Amino acid sequence: QVQLVESGGGLVQAGGSLRLSCAASGRTFSIYTMGWFRQAPGKERELIAAKRWSGLSTYYVDSVKGRFTISRDNAKDMVYLQMNSLKPEDTAVYYCAADQNPGVIGARSGYDYWGQGTQVTVSS
C-alpha cells in the first residue's frame, strides 16, 4: 500500500503561483510513476503532469506546458507541482496519484493510489 497526502492548494489571483506538495508513504519503492491530476466542476479528471519515480521521463498536458513543473525528491518521498502564470481555467481539485506499473507515461489510466485532493482556485 502507498498513502498519498497533498497540500498547498488555495486561492490565488490570475498570474500568480502556487506549489502543491504530495507526501508519499508506505511501499514507495513500488512506485513507477507519479502523476498530478485535476478535476474541475462538471469535467472529467485529467492527467496534467507525470514523472517517473526515477526522474528519467516527464509528461505534461499541452494546457500546462511552460507554466507547470513536476519535480520529485526521492529522499523525502515527495512530489511537487510548481504552478506559475495561473489562469482561472486552472481552478480545480488537484490530486496526486501513484502508478506501480511501467505503462505509457501520458496514460491517465492505471494509477493505483490517490491522494484526497486539494482545491486550487484562481480568481480573475
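The values are calculated or read from the model by the stated rules, or taken from the named source; none is laboratory data. Just so it is clear, the model here is predicted, and its values are computed rather than measured. Virtual Cβ from ideal backbone geometry, glycine too; neighbours counted across all protein chains shown. What goes into the accessible areas is simple: the full protein's heavy atoms, side chains included, and nothing from ligands, DNA or RNA. Shrake-Rupley method; radii C 1.70, N 1.55, O 1.52, S 1.80 Å.
Here are the numbers:
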{"item": "Within segment 1-87, strands (runs of 3 or more DSSP E) holding 1 or more residues that are under 23 Å from PRO102 (Cα atoms) and not acidic (Asp, Glu)", "result": "2-7, 18-26, 33-39, 46-52, 58-60, 68-73, 78-83"}
{"item": "Considering residues of segment 13-30 that are surrounded by fewer than 13 Cβ atoms within 10 Å (Cβ to Cβ) and of a type in the set (Gly, Ala, Ser) only, the residue nearest to VAL120 (Cα to Cα)", "result": "SER17"}
{"item": "Residues located in segment 104-113, provided they are surrounded by fewer than 17 Cβ atoms within 10 Å (Cβ to Cβ) and either hydrophobic (A, V, I, L, M, F, W, C) or free of Cβ contacts under 8 Å to residues at least 24 places away in the same chain (or both)", "result": "VAL104, ALA107, SER109, GLY110"}
{"item": "Test result for GLY35, out of contact with any strand residue (DSSP E or B) (no Cβ under 9 Å at 6 or more places or on another chain) and either over 22 Å from GLY110 (Cβ atoms) or open to solvent by less than 60 Å² (accessible area, probe 1.4 Å) (or both)", "result": "no"}
{"item": "Some residue of segment 67-77 being crowded, with 19+ Cβ neighbours inside 10 Å and either within 11 Å of VAL122 (Cα to Cα) or of a type in the set (Lys, Arg) (or both)", "result": "yes"}
{"item": "Any hit, segment 44-54, residues being open to solvent by less than 20 Å² (accessible area, probe 1.4 Å), more than 23 Å from GLN1 (Cβ to Cβ) and in contact with a Lys or Arg (Cβ under 6 Å, 6 or more places away or on another chain)", "result": "yes"}
{"item": "Top-ranked residue of segment 93-103 - restricted to ones that are open to solvent by 30 Å² or more (accessible area, probe 1.4 Å) and of a type outside the set (S, T, N, Q), ranked as nearest to TYR32 (Cα to Cα)", "result": "PRO102"}
{"item": "Positions within segment 88-124 being part of a loop (DSSP other than H, G, I, E, B) and β-branched (Val, Ile, Thr), in sequence order", "result": "THR91, VAL104, ILE105"}
{"item": "Failed condition for VAL64, given (1) closer than 23 Å to GLN3 by Cα; (2) within 12 Å of the chain's Cα centre (by Cα)", "result": "(1)"}
{"item": "Segment 78-92: number of residues that are crowded, with 18+ Cβ neighbours inside 10 Å and either at pLDDT below 95 or of a type in the set (A, V, I, L, M, F, W, C) (or both)", "result": "5"}
